Amino acid sequence: MKREIDYIIWRENDLYVSKCLNTEVSSFGKTKKEALDMLKEAMGLYFDDDNLEFTELDDMEIGRETIYA
């Protein structure tokens, strides 16, 4: 089955972390492309189980704020 996923990639030290925003699946790689390729592979394994939940996201915003806490 063909699915469209929403993801985010960020750098942590020497690696890039990729996370699917529709599920709790994440992966990593040495480059952004590798992190995304590894996430796609992980998502393929995730969907081997047809009973898992997939959330369709409509209006998504990613931001950064400074807070004082």
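The values are calculated or read from the model by the stated rules, or taken from the named source; none is laboratory data. Please read all numbers here as calculations on a predicted model, not as lab measurements. Please note: Cβ atoms are built from the backbone with ideal geometry, for glycine as well, and neighbour counts cover all protein chains shown.
Worth a mention:
- Segment 33-65 - residue that is in contact with a Ser or Thr (Cβ under 8 Å, 6 or more places away or on another chain) and not hydrophobic (A, V, I, L, M, F, W, C) and, of those, farthest from ILE9 (Cα to Cα): GLU53
- Output for segment 1-37, where each listed residue is within 21 Å of THR55 (Cα to Cα) and over 12 Å from the mean Cα position of the chain (by Cα): MET1, LYS2, ARG3
- Filter pass, MET1 being aliphatic (A, V, I, L, M) and assigned to a loop (DSSP other than H, G, I, E, B): yes
- Looking only at residues of segment 1-21 that are among the aliphatic types (A, V, I, L, M) and closer than 17 Å to GLU56 by Cα, we find that the one that is modelled with the lowest pLDDT is MET1.
- Sole residue being charged (D, E, K, R), surrounded by 10 or more Cβ atoms within 10 Å (Cβ to Cβ), modelled with pLDDT under 95 and assigned to a loop (DSSP other than H, G, I, E, B), chosen from GLU41, GLU24: GLU24
- Close contacts from segment 1-27, counting a first residue that is closer than 13 Å to PHE47 by Cβ and a second that is in a strand (DSSP E or B), with Cβ to Cβ under 6 Å and a gap of 6+ residues or different chains, come to ILE5/CYS20; CYS20/TYR7.
- Set ALA69, ALA35, ALA42: member being of a type in the set (Gly, Ala, Ser), without any contact (Cβ under 8 Å) to a residue 24 or more places away in the chain and over 14 Å from ARG3 (Cβ atoms): ALA69
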